Amino acid sequence: MLKPIYPNSQKLLLPLLAAVLLPLFVRSPLVAEDVHYQRQIKPLLIKHCNACHGPDRNGQENELRLDLREAALESAIEPGDSANSEMITRMLTDDAEERMPPLTVKTPPPSAEEVALLRRWIDEGAEFQEHWAWVSPKQIEPPEGDRWGQTPIDRFIRAGHVKHDLKPAPEADRRTLIRRLSFDLTGLPPTVEQVDAFLADGSPQAYQRLVDRLLASPHFGERMAMYWLDLVRYADTGGYHGDNERDHSPYRDYVIDAFNENYPFDRFVREQVAGDLLPRATQQQQIASGFNRLNMTTREGGAQPKEYMTIYAADRVRNTVSLFLALTFSCCQCHDHKYDPYTIRDFYSMAAFFADIEETVVGTQKPLVLLDQLQTQRVYDLDQAAHSATKLLEGESALWDAAQAKWEADVQRKVSAEDGNWQLVDDLQMKSDQGGAFKRLEDGSLLATSERAPIDTYTITLPVPAGGLSAIQLELLPEASLPQNGPGRAGNGNLVLSEVEVFRGEQQASIKEAVASHSQKNWDIAATIDGEPATGWAIRPRVGERISAYFELAEPIGSAESGPQKLTVRLRQLYGSGYLIGRLRVFTTVAEAPLAQVKPLLAHKPVYDALGIPPKDRSSKQNALLREHFRATSPETKSIRKLVAASTAEKKAIKQAARKVLVSMSAEPQVVRILPRGNWQDETGEIVQPAVPESLGSLELAPNERGTRLDLANWLIEEDNPLVARVFVNRLWKLLFGRGLVKSLGDFGSQGALPSHPELLDSLSVDFVQNGWDIKRLLRRIVLSKTYRQSSDTTDVSLARDPENTYFARQGRFRLDAEMIRDNALSVSELLVPKVGGKSVRPYQPVGYLAHLNFPPRTYKHDTGENQYRRGIYTFWQRSFLHPALALFDAPAREECTVERSQSNTPLQALLLLNDPSYVEAARVFATKILSEGGNGDRERLDYAFQQALARNIESSERQVLHDLLAKHRTHYRAHPQEAEEVLAVGLAKAPEELDAAELAAWTSVARTVLNLHETLTRN
Amino acid sequence: MTDQNSMFNALCRRTFLSRGALGLGAAALSTLAAPRPLHGATSELSESKGVINPLHFPPKAKRVIFLCQAGGPSHLETLDYKPKLTEMDGKPMPESYTKGQPIAQLQGNELRCFGPQRKFNRCGQSGQMISDVFPHLGKLADELCILNSVQTNQINHDPAHTFMNTGSQISGRPSMGSWVTYGLGAESEELPGFVVMTSVGGGPSQPIATRQWHSGFIPSRYQGVQFRSTGDPVLYVGRPRGVGAEEQQDVLDAVAELNQMRQQATGDPEIATRIAQYELAFRMHQSVPELTNIADEPQHILDLYGTRGGDGTYAANCLLARRLAERGVRFIHLYHRGWDHHGSVKKGVADTGRLVDQGTAALLSDLKQRDMLKDTLVIWGGEFGRTPMGQGNGRDHHIKGFSMWMAGGGVKPGITWGATDELGYQAVENIFHVHDLHATMLYLLGIDHERLTYLSQGRDYRLTDIRGNVVKDILA
């Protein structure tokens, strides 16, 4: 009997790995002819019983578990005797009270066939089999092969053919093989020369040599990365809200390099999950750890950090688990898994591994600046130089001290002259619109005393000063009776002054400029004179301080003799919630250009405050401030300051030009709790420590030792981890056949598909691990098999017998991925710039495509020069508005881990391939190529076009279709040279002058046709 | 294979035009001249072209026009009349309301009541309370089913839209338009089943992402197709420069012919789909410009909407929505992005209201005069509402109670359903959750929301997740 793999209670811990040691699993579940638990019984139990008798403890309505053998045998099942099994009798009873499943459930009751199947299973002994994926794979001897294929892969596959009465397809022709292999291993089509060389190579090693050449190509890494980046949700932007750019491209390049250099998969995993935690982590390893930073992030104002911390944590858990374990873990964010042995506790324990990652929860992420060795040295030297100069600037110097004393005396003279200019107005009246009262204090200030209104307008009346005035100063003063000592009346001591208006008599006097000793960020003093009541001036965080605002009139008001004698100042305070002025004084001046004198003082207010104090009364802080200010501004120190500035500027320039990347940096871990129902506001849940899912095992840690991401990585790549190798091998298989050995690439749980060839999957996985997780070796084994080399052509019989190609009696045939469709067009036209790596690039994109983005609004500028013609993998990945050429061909936005892209076939794809300038330009350049290199005459050139685009010979019927098109368009464009010129003008690439425009335009139509063919878009 | 072969034979040279002369193609081409009358013509039988076939219930609505007021309109200045809040203006918000509740930008601030900033009027025979922000809509009060007790789960724009559109804040789920077209299929032969249009004005334009109309894990052909106001109305629907209509058609014909030859050689059934999609692309070359060219609209209709069209305004989009509805588009989703009034809510709602009111009202009366309102479900509302507490002279995001309305398509007209408490904070009577909105909408379309599912990651997913009730009290 098999032991259930997960415990009934917390005490009965039975890690899977222990269960695995039982020598029970060298078996082939598909061979058994008895009723099969996994395939036949478990789905029935899940359908009819699981909701109340399954693993989700929250949903549990009673004690009975029907997913665990021991529990089920206690009361519900009598092995070998279905007639006396409670489960069956309850299903058959007429008593509505007793009936199971209850008549109230929505699912239709079990059918007679289903009950019969359950009975047969019980009568045969009611064996529960362990779910295949929870058990470590074992190497299994492949069945005897026949003449068809002798590699272990072929022998396993052949056995499936035999069992299902299928005949393998013949080997594909060489042209198909080289095109298929080139796409599968490099994502690019073969060139005509490569096809010819392969056809001409008569040696038995020709195919193997081709495979080795492709595996060694620098484009191999790009092709593999294309898929890996879907899995890890790589993108160039944050995804949420403003979807702003983030620096990630060095991570993408790391992935490409890692595949090209054939990093063993275990190293690849370790560096990504925990590269930063490796001893003496290299820059590459740090970059790899950027893996943990690929999740979507927000900068939205008003987003709650705590909520987003939870969102990011859950995202990382989902991604790690989908990527490496192919488990549907997201259920466990809110509750225990309904079908698989995973709990909400597992989810948050997993999240705790990532709780050490430093990040800006809401806001702009800080990247690591990547410098090479030379740059690092230069930055070091610049730092040294700046440091020495700064030390000099701060050091003792009698010379500078003397200069400073002279400067202080000069400034003091100026400041006192300035102070003398401002006259306190002590004969003013102030009234509140809302009936508020003010108390006049000894220093001439007014203090608000009555209950405040939400909004108010203070009207100050004063006589025009005898000498007239050019500016008014409002001095806001702190006071103990105000909240936070004021000077505002809001609970936080703040205020908002929306508008200031000055009237002489009835006539409004316009204010030219306003300055203040301090303005709150985004609440500048200028808002008080902008005529817009919705904006205003505020003072946080400088509450509790004296703050002055100065208003210079556009026209100074002359002496009191002429014009009205009354001056009115209205202080409109319309923000609401009592953001009002608490205490103020008013000054006026007649000085000419009064603000010109005030402004430098305001810029360095603490300095001037210190200067106002006699030297002996200054604090040491103030003395230091004065010295610092003097040395930072005096001509005496200028040359040395220039040196510091130059060093700083150069350093900044180096860093700005350098590439940047988000990486993992470990800090004190955040506390992680279980969040009941996934509710981030619920703090009642238990605090959890990092742990792997309990049913899959545990980490070996010392007591009180906290598990790290490195521990997690090491656990993932343990030799007997039942999932990681299988999951990865299955996905590689899918890349090479269009279908996995397990169809559900993302779900190895009990709701997922069973493997079509479990022994083959296990053998490949074990072999992969035992041979050092060697990816190229594994791929090589598969593509050398006869199974891989079969033709993909279908016959009515093969389609009828195995419509989904579950048993691989033919190769798969599928549309190229979005990036490859672009790469193919660029490659066929030879526009492609095959440079590997670098910052992301921007191909042509319809104008206004990003119009719905904001904060800030985006304008898209397509690249010019070589970056216009780079491979699709380098296209700037804007999550919220993915480039249409990617999005329309099913590339995911990469908001979540995508294990498998959908394969749609839509009219929008047709429109794109027909009309997108990238494809029109590629077609035209392809046409140029056909004319210049395709030989002589239409016939030869049409042959060449097919060779170049499809790696095959054109059929005469096909040639006829294209020739008719060519002839017609040749006539048309000769008659309409203007249209021909327009066709030639699409795109940045210039058409050669020497070619006849009409001829080239007509051939462009042919090339467009070829690039739009289903076959062109298909790997077969 | 005979069926397929005969189909390919029909697709002989001059594929599109020759087909255009007979059968289906002829019907398709005739609609290019005049929209096919969809309403009234189909029988009561619950057939559909989608996966739900037959329909679970006799459908009341055949299509949905969702007028998304993005940014979160203040219910307190539009549809939810709260005199008590006027009395409480400036006073502290009682803590009993706000304790432990999520708060967006007002985090850490003193919370004070902010009285409603607009005047409300009794409108229509039904006497529903609607503010002066919507003078045109007020006249149609008797058509509206005002929902004053809506609740959602998400307080920030991006996740709140995702929640409103997909029933979950986790990205990657299909949007409601995708669900509906997946369930019911498209009625139109030459237009996509799910169309999205956007406009701006009146307040800050929050960004909006394609995930809002994405098909998530269901096949991508159910994705919303965005109609744009600048450049090509549908991406790449315009021919390349220098390529005339006939030349383009020559290329399409050659592609079809070569694809057909290849199909015969390889037996690949996917090629048949490819041929059909190129044919649809060909038809879109004509049907889309025809749709967006409103030259055939009489002046009184343009006046009704208050647009001259073609300018990407909300009013112009409302007119296009009607044209799309006439042509059998299943789900038409408009976004107007100008309702995020953190400041100056008084002026803001009036400004945005001015851009939205007339077009919305015109759409309702235009549908009605064409006898299409009865089977077109119109839904109006934002991703959330706004706080009764002031944020300066504006209001912050609010999810515990806000307002939307529905009209036509089997909804009871002239009623107000549900209510918030006297300060407009919490929905207290007949709470109408976003899940209920989805369930009710699907019901009106003839679908049981618990039975429109898609298997992903081992689980049958629904638009309503595990919740949602059909609110039968508001059904006509």
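Just so you know, all these numbers are worked out from the coordinates, no wet-lab data involved. Computed from a predicted structure; not experimentally measured. Every residue, glycine among them, receives a Cβ derived from its backbone with ideal geometry; neighbour counts consider all protein chains shown.
Just a few scattered comments:
- For segment B:447-461, backbone phi angles converted through the Karplus equation (6.51, -1.76, 1.60; θ = phi - 60°) give residue-by-residue couplings of 10, 7, 4, 7, 10, 9, 10, 9, 7, 9, 6, x, 9, 7, 8 Hz, Gly and Pro being listed as x.
- Using the Cβ of A:Val742 as centre and a radius below 12 Å, the other residues enclosed give a net charge of +2, where K and R count +1 and D and E count -1.
- Among beta bridges from DSSP that stay inside the protein assembly as shown, the antiparallel ones total about 75%.
- Charged neighbours of A:Arg627, selected by a Cβ distance under 13 Å, balance to -3 (K, R count +1; D, E count -1).
- Gain on full extension, evaluated as 0.36 nm per residue between A:Lys138 and A:Asp95 minus their Cα-Cα distance, stands at 10.6 nm.
- ³J(HN,Hα), Karplus 6.51/-1.76/1.60, whole Hz, each residue of segment A:883-891, x for Gly, Pro: 3, x, 5, 7, 4, 5, 9, 6, 5
- Using a Förster distance of 45 Å, the FRET efficiency for A:Glu668-A:Glu245 (Cβ separation, nearest 0.05): 0.95
- Spatially proximal lysines relative to A:Lys861 (Cα-Cα < 19 Å; intrachain offsets below 8 disregarded): A:Lys839
- Modelled spin-label separation between A:Arg147 and B:Arg308, with each label point placed 7 Å from Cα along the Cα-to-Cβ direction: 8.2 nm.
- Signed unit charges on C-beta, dipole axis of chain A, positive-most listed residue A:Trp228, A:Cys49, A:Leu931: A:Leu931
- Long pairs among A:Lys599/A:Lys642; A:Lys47/A:Lys338; A:Lys106/B:Lys62; B:Lys139/B:Lys412; A:Lys138/A:Lys167, criterion Cα-Cα beyond 19 Å: A:Lys599/A:Lys642; A:Lys106/B:Lys62; A:Lys138/A:Lys167
- A:Asp212-B:Asp473 FRET efficiency (beta carbon distance; Förster radius 60 Å; 0.05 resolution): 0.25
- Bridgeable aspartates and glutamates around A:Lys638 (alpha carbons under 16 Å apart, same-chain partners fewer than 8 residues away excluded): A:Glu394, A:Asp401, A:Glu628.
- Within 10 Å of each Cβ in B:453-460, the average number of Cβ atoms from other chains: 6
- Neighbours of A:Asn824, meaning other residues whose beta-carbon lies under 15 angstrom from its beta-carbon, give a summed charge of +2 when Lys and Arg score +1 and Asp and Glu score -1.
- Value of [θ]222 nm, deg cm²/dmol, for chain B, DSSP H segments ≥ 4, -39500 (n - 2.57) each, nearest 500: -10500 deg cm²/dmol
- Under-5 Å amide H pairs with B:Val428, H placed in peptide plane, nonlocal only: B:Ala419, B:Thr420, B:Asp421
- A full extension of the chain between A:Ile640 and A:Ala554 corresponds to an added length of 26.8 nm, given 0.36 nm per residue minus the alpha carbon distance.
- Ellipsoid fit via the Cα gyration tensor, chain A: semi-axes of 69, 43, 29 Å, each the root of five times an eigenvalue, largest first.
- Sites A:Glu718 and A:Ser620, calculated FRET efficiency, Cβ-Cβ separation with R0 60 Å, nearest 0.05: 0.45
- Mean ellipticity per residue at 222 nm, deg cm²/dmol - from DSSP H runs of n ≥ 4 across chain A, formula -39500 (n - 2.57): -12000 deg cm²/dmol
- Backbone N within segment A:580-597 under 20 Å of label point (7 Å from A:Glu442 Cα along the Cβ vector): A:583-586
- Relative to the globular-protein estimate of 2.2 N^0.38 Å, the Cα radius of gyration of segment A:423-603 stands at 0.96.
- Loop-located trypsin sites (Lys or Arg not before Pro) in segment B:79-169 whose Cβ has at most 13 other Cβ within 10 Å (DSSP): B:Lys99, B:Lys119
- Around the amide H of A:Arg659, modelled in the peptide plane, lie the amide H atoms of A:Leu370, all under 5 Å away and 5 or more residues distant in sequence or on another chain.
- Nearest-20 debye value, the protein assembly as shown charge dipole, Cβ charges on Lys, Arg, Asp, Glu: 1620 debye
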